[in-house]
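K.L.:
Below you'll find the structure I mean.
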Amino acid sequence: MEVMIVDDEPVARRTVRECCEREPDLTVVGEYGDPRTALEAIRARPPHVLFLDIQMDSMSGLTLARSLDRETLPLIVFITAYDQYALEAFEVSAVDYLLKPFDEARFRATLARVRRRHDADSPGDRHSALAALIEQLERGARVRAEAQPRVLAEAGSRMHMLDVSQVEVVEADRNYVRLIIGRETYHARSTLQQAEKSFQSQPMLRISRSCLINMSHVREVSRTPRGDFILVVAGGTTVTSSEGFREPVRQYLERLKLAPA
Amino acid sequence: MRAADPEISGKMSASPLERITPALGALTRQDAALPRGDTLASALTLRPQLAVLTAFWIYVALSNVLYANSMQASFSNMKMERVFAPWDARLIQHLVLYPLFLLSMWRSMRTGWQPLWRAIPLQLLCALGFAVLASPSLVLGEYLTHEWHREEWTHSDFVKTWGSWQGFATHEIPIWVASITSFLVTYGFGLALVMGFTFYQRLRDSQLRSAALERALTRAHLAALRMQLSPHTLFNLLHTIRGQIAWDPPAAQAMVVQLGDLLRRLLNAGEREFSRLSDELQFVTLYLELQQRRFADRLTIEVPAREAHARAWVPSLILQPLVENAVVHGLAGHEGAVTIRVEARVESEELTLRVLNTVAPGKLAGLSGIGLANVRERLTVQFGERAGFDAGPGADGLWVAQMRMPLLRDGPEGMARPEGGAAA
């Protein structure tokens, strides 16, 4: 397989090259410190495998990857140092990556996956995997500040770390918020405003002064004769929008094309 | 309306008394999520005060009408002429006064009580402005209804009282003064009621806000306590790696990678309050394996499998200070082998984590250190009375550090999703 290496640090490039040289089936056909030159070279003669550093000064590795032609997209192995949110995105993605620092053992483990993909994947597969990864990374960058994947809550005397994506309804209750999942109700020490921040990764809609609803769990929407919205979530809980929030709820539902006549 | 102004909503008032009576809109429950400039929402926030004042005013109107009616009834029995205005005239009086009452209340609350020397005359002016209009409103009511009560109130009577200054001075002024004093008292009660209610609202809000602030502080405090890898350990590890570079290059490379993993996990865990127990165990394993490389064959480690208690969560990096202490404490003062064992046990909604280490004979002295104080403090902040930490000599010449805390588990049973890799 023909390999290209793109990294703006010479020593980092040498490390990858040395690892590649120990593999009999790899030929390094190009090494670039400047992403723009690299882009031209890749377009002119696409390699099979591309080792691509993400954090480069003049152009991010992700931008470079996005600029590549779909039909001749190489197998990309991203190299990154530290970004917790990026790691979470990589873990669920079909795109390979290496964490700095890495040693021979880790390089070989990644290479084994690359070889399998080389035999099985089409450029179309690679392209959709790459697009999904980049979208995930961009969404991660938007919500990372306050979002929490888990919140601590109590039900009776039992304490739970709830996955925010499972929570259907959040309701204010004096110094607490009530979190509803299915038929279970949990209490967390928080205000509704703090909860709103923790739940930033979820499509939460405020339907009254004291109630947020996770739209990804809504199963049914109807209206009362007065025009208030009645929302039913998967777990069966029913909530009604208040007069003051009728209009924002209507606009939100209209955007989703969910509003009943 | 200033209700939706985030400047005001977000501000922590130094004292709730200081701004007890600002604009009505700003008094009501502040809520950053209200859409900006949404007049409907702003109007809604006035509701509680309006309801209180309206209820009060209905009470005043009813009591005045009933009082006048019953007094008149008893006077009529004594064959006296009508002295009290009829009930419908009084009702009209109170209806006319209702908007005036609301207006002067609103004005009075905007004025507030600071500074006192300026506020008191203004407040009195407000109250007088309202009370002075009480009697004329009754006259207006009587004028509007006098057609229906021709027998008591003839047009000439009206002209007699209101037509000349003398008639006015002898008939109306004493009644007017009496009505002013009576309505001043009513006004005072109303003002006290709505201010008390507003004060209660503000107190409740400030309690909510201070609870929120306290939580934010606690969170910042906990974050500071989490970063606990001692610099001593870090630099010793770097030094070991430096020595290995020439001696055993592959081992040096492997150590660098392991140290990278350790630091990455440390940073990750430092950013969140809780981690899965399995991730915590993996972290201490990584840490202990690095220490094993430093001390070659002296160190034996036993850590439960990652799969043990897979659904349990613990405060991030809570085990690390104990393990670090066990290494330092176990290796000190002798040249022999050391065993470090980590145990995790769940019993009736309680999780117990223990770190045991062998020590040199006769070295079972007290255990201290900033790391352990931090562990105790974090457990207390997080769980209060429901958690505990102690350390001391155990059986078989082992040193035992033990903490117990409420078991934190995933959400509803059967809904747990498989999650890979680092702490979710």
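K.L.:
Scan around B:S316 for amide H atoms under 5 Å from its own, H built in the peptide plane at 1.01 Å from N, and keep only partners 5 or more places away or cross-chain.
P.N.:
Residues meeting the amide H criterion: B:F274, B:S275.
K.L.:
For the Cα atoms of chain A, what angle does the longest principal axis make with the long axis of helix A:123-143, in degrees from 0 to 90, nearest 10?
P.N.:
50 degrees
K.L.:
Tell me, what is the Rg over Rh of the stretch A:150-255, with Rh the Kirkwood radius over Cα pairs? Intermediate results must be reported in sequence, preceding the final value.
P.N.:
Values: Rg = 13.4 Å, Rh = 13.9 Å.
Rg divided by Rh gives 0.96.
K.L.:
Order these by the 10 Å Cβ neighbour count, fewest first: A:Y32, B:Y98, B:Y59. Mind dumping the intermediate values first?
P.N.:
Numbers: A:Y32 20, B:Y98 17, B:Y59 13.
The order, fewest Cβ neighbours first, is B:Y59, B:Y98, A:Y32.
K.L.:
Let me ask another. Over chain A, what is the relative contact order in percent, taking alpha-carbon pairs closer than 8 angstrom and at least six residues apart? If you can, show how the numbers build up before the last one.
P.N.:
Numbers: 418 pairs, mean separation 26.7, N = 261.
Reported as a whole number, the value is 10 percent.
K.L.:
For a protection proxy built on the mean count of beta-carbon atoms within 10 angstrom, sort A:176-182, A:216-222 highest first, please. Walk me through the numbers on the way to the answer.
P.N.:
Details: A:176-182: 22.0, A:216-222: 15.3.
The most tightly packed comes first, giving A:176-182, A:216-222.
K.L.:
Could you give each residue of the stretch B:295-308 its phi-based ³J(HN,Hα) in whole Hz, using Karplus coefficients 6.51, -1.76, 1.60 with θ = phi - 60°, and x for Gly or Pro?
P.N.:
Karplus-based 3J(HN,Hα) across the stretch B:295-308 equals 9, 6, 8, 6, 9, 10, 10, 9, 10, x, 4, 3, 6, 4 Hz.
K.L.:
In addition: May I have the extent of the alpha carbons of the stretch A:62-183 along their three principal axes, as whole Å values ordered from largest to smallest?
P.N.:
58, 31, 26
K.L.:
Here's another thing I want to ask about it. What is the magnitude of the charge dipole of chain A about its Cα centre, with +1 placed on the Cβ of each Lys and Arg, -1 on the Cβ of each Asp and Glu, and no other charges, expressed in debye to the nearest 20?
P.N.:
Details: 36 positive and 39 negative charges, 228 e Å.
Result for chain A is approximately 1100 debye, rounded to the nearest 20.
K.L.:
Further question on the same structure: To the nearest Å, what is the center-to-center distance of the stretch A:1-75 and the stretch B:298-317, using C-alpha atoms only?
P.N.:
Each part's Cα centre sits 39 Å from the other's.
K.L.:
Under the Karplus relation 6.51 cos²θ - 1.76 cosθ + 1.60, θ = phi - 60°, what is the ordered set of whole-Hz ³J(HN,Hα) values for the stretch A:6-18, x standing for Gly and Pro?
P.N.:
10, 7, 7, 9, x, 5, 5, 5, 4, 4, 5, 4, 4
K.L.:
Something else now. Could you tell me how many degrees, from 0 to 90 and to the nearest 10, lie between the Cα long axis of helix A:246-255 and the main elongation axis, the longest principal axis, of the Cα atoms of chain A?
P.N.:
Its long axis makes an angle of about 30 degrees.
K.L.:
May I ask you to evaluate 6.51 cos²θ - 1.76 cosθ + 1.60, the Karplus curve with θ = phi - 60°, for each residue of the stretch A:206-218 and list the ³J(HN,Hα) values in order in whole Hz, giving x for glycine and proline?
P.N.:
After applying 6.51 cos²θ - 1.76 cosθ + 1.60, I find 8, 10, 7, 4, 10, 9, 10, 10, 7, 5, 6, 9, 6 Hz.
K.L.:
Using amide H atoms built in the peptide plane, which far-off residues or other-chain residues are under 5 Å from A:G235 H to H?
P.N.:
When sequence neighbours closer than 5 places are left aside, the close amide H contacts are A:G182.
K.L.:
Give me D for chain A in µm² s⁻¹, whole number, from Stokes-Einstein with Rh from the Kirkwood sum over alpha-carbon pairs, 20 °C and 1.002 mPa s. Provide the component values of the computation, followed by the final result.
P.N.:
Details: Rh = 21.6 Å.
Calculated translational D: 99 µm²/s.
K.L.:
Next question. Suppose we keep just the DSSP beta bridges with both residues in chain A; what percent of those would be antiparallel, to 5?
P.N.:
Details: 33 of 51 bridges.
Bridges in chain A are about 65 percent antiparallel.
K.L.:
Cα axis of helix A:104-120 to longest principal axis of chain A: angle in degrees, 0 to 90, nearest 10?
P.N.:
80 degrees
K.L.:
Please report the base-10 log of the normalised intensity I(q)/I(0) for the stretch A:2-143, using a Debye sum with one equal scatterer per alpha carbon and no solvent, at each q in 0.14, 0.16 (1/Å).
P.N.:
-0.60, -0.81
K.L.:
Also, I was wondering about something else. Please list, in chain and number order, the residues 5+ apart from A:Y32 or on another chain whose amide H is under 5 Å from its amide H, with Hs placed from the backbone.
P.N.:
Counting only residues 5 or more places away or on other chains, the set is A:I5, A:V6, A:D7.
K.L.:
While we're on this one: Based on Cβ point charges of +1 for Lys and Arg and -1 for Asp and Glu, what charge dipole magnitude is obtained for the stretch A:78-230 about its Cα centre, in debye rounded to the nearest 20? Let's see the in-between values first.
P.N.:
On the way: 23 positive and 21 negative charges, 52 e Å.
For the stretch A:78-230, the charge dipole is close to 260 debye.
K.L.:
May I pose another question? Determine one quarter of the surface area of the Cα convex hull of the stretch B:227-409, which equals its mean projected area, and express it in nm² to one decimal.
P.N.:
Result: a mean projected hull area of 10.5 nm².
A short reminder: the numbers here are calculations on the coordinates, not readings from a lab. What you see is a predicted model; the values in this text were computed from it and never measured. Note that we place each Cβ from the backbone using ideal geometry, even for glycine, and neighbour counts take in every protein chain shown.
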